[in-house]
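Single-structure report; data block below.
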Amino acid sequence: MRFRLRGLGLSDRAISAAWPHWWSEDAEASASARAELRFGIARRLGLDPHSLLDDRDEPRFLWREEARFKHLSGESERERAGITSFGRAIASILVSATSPPEGDLAGVAARDLRENVLASGGQFVTLVDLLSLSWALAVPVVHLRVFPWPQKRMAAMTVRVGGRSTVLLGKDSAYPATIAFYLAHELGHIALEHVAADRQIVDLEGETPAANGGDEEERDADAFALELLTGAPEPTVLATGPGWAHGRALAHAALESAQELRIEPGTLALAYGHSTGDWQTANAALGNIYAAARPVWTQVNAIARQQLELGDQPVDAVDFLDAVLGEAGE
């Protein structure tokens with residue numbers, strides 16, 4: 001079975017995450033256990049279960065045409081189907097483990113969300129604010145530690161299942177501002193209603209945020225994210241005077257100006273990079289803004305674990321989600 005799944009190109013980590021804990025060599029002798037294994041793996045990886053029952057058949061992904069890929073070129077149909085099916089399988093668990101929403105993000109303006117956060121006492125809009133906002137609107141947000149393909153790294157994915165939206169982050173960073181932008185961008189896709197029912201948008205990890213060329217939806221989602229985080233859809237942050245060629249000076253200026261501008265210091269540094277194209281200085285500034293850099297995914301998934309209602313979920317679904325969300329010490 002593992003050999004057949006590897007033949008699809010699936011990563012060993014994805015296969016292991018989907019493999020049930022109860023499986024053993026003794027279970028191999030039971031036809032019902034073998035069937036249960038195949039149906040369980042199919043649910044977790046988004047595969048057609050019938051294609052796993054016959055060892056002579058090639059495994060097939062269930063969902064192929066339900067996603068729009070951004071910045072993705074040269075991928076095979078199988079790769080696209082794998083990302084789509086894997087994301088949908090995870091999103092289905094998240095939606096079933098989250099209470100129905102009392103509000104709806106669709107159609108809400110970025111400025112209204114920003115004003116709501118600031119009116120609640122926040123100095124500026126932070127990653128934690130965005131996570132709190134998302135969960136309050138019953139939009140589950142998790143950071144994936146397992147991906148279907150060994151070499152394919154997505155920045156983020158917005159998946160809509162049964163009329164409910166979820167955000168699956170993939171971009172790694174030690175700085176909250178970077179992940180805040182990607183999450184705000186995905187919230188933009190939801191608010192601007194770019195994601196149709198039972199569809200998804202996959203954003204591939206790029207060199208820099210807000211580098212979206214001629215894609216109108218991506219430009220609009222960027223503008224939404226920037227307005228939510230900074231108050232302006234096209235913020236202009238420039239440095240004047242000598243000494244601006246290194247990150248320490250930019251970090252000092254961002255920390256000094258953040259409270260007055262009501263923009264989180266790391267976001268202010270990234271806005272400078274967006275305005276000038278000088279991402280080297282902007283990224284160097286982040287290391288001077290955050291005193292203790294640590295993987296942001298641990299915070300994202302710690303909040304997710306607090307919010308998810310997993311008591312009524314099948315054991316294999318909970319085990320799979322645990323594997324996909326990773327351990328804080330990894």
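The values are calculated or read from the model by the stated rules, or taken from the named source; none is laboratory data. Not measured: the values here are computed from a predicted model. A quick note on method: Cβ atoms are made from the backbone with ideal geometry, for glycine too, and the neighbour counts reach across all protein chains shown.
Report whether or not A293 is of a type outside the set (V, I, T) and at pLDDT 95 or above. Criteria not met by A293. Here V146 fulfils each of the conditions (1) in contact with a Phe, Trp or Tyr (Cβ under 6 Å, 6 or more places away or on another chain); (2) surrounded by fewer than 20 Cβ atoms within 10 Å (Cβ to Cβ) apart from (1). Residues of the range 1-34 being aromatic (F, W, Y) and either surrounded by 17 or more Cβ atoms within 10 Å (Cβ to Cβ) or not in a helix (DSSP H, G or I) (or both), which ones? Of everything in the range 1-34, those that are aromatic (F, W, Y) and either surrounded by 17 or more Cβ atoms within 10 Å (Cβ to Cβ) or not in a helix (DSSP H, G or I) (or both) turn out to be W19, W22, W23.
Scanning the range 108-117 for residues that are assigned to a helix (DSSP H, G or I), over 11 Å from L187 (Cβ atoms) and out of contact with any Gly (no Cβ under 9 Å at 6 or more places or on another chain) returns D112, E115, N116, V117. For the range 56-71, the set of residues classified as part of a loop (DSSP other than H, G, I, E, B) and either in contact with a Ser or Thr (Cβ under 9 Å, 6 or more places away or on another chain) or at pLDDT 65 or above (or both) consists of R56, D57, E58, P59, R60, L62, W63, R64, E65, E66, listed by residue number. Residue count for the range 35-55 satisfying the condition of being assigned to a helix (DSSP H, G or I), under 25 Å from D322 (Cβ atoms) and without any contact (Cβ under 8 Å) to a residue 40 or more places away in the chain: 7.
Within the range 149-159, the presence of a residue that is assigned to a loop (DSSP other than H, G, I, E, B), more than 30 Å from D319 (Cβ to Cβ) and modelled with pLDDT under 95 is excluded. Listed by first and then second residue, the pairs with beta-carbon distance under 8 Å, at least 6 apart or on different chains, first residue in the range 157-175 and over 19 Å from A293 (Cβ atoms) and in contact (Cβ under 8 Å) with a residue 40 or more places away in the chain, second basic (K, R) and assigned to a strand (DSSP E or B), are T166/R160.
In the range 96-134, of all residues being within 22 Å of the chain's Cα centre (by Cα) and among the acidic types (D, E), the one that is surrounded by the most Cβ atoms within 10 Å (Cβ to Cβ) corresponds to D129.
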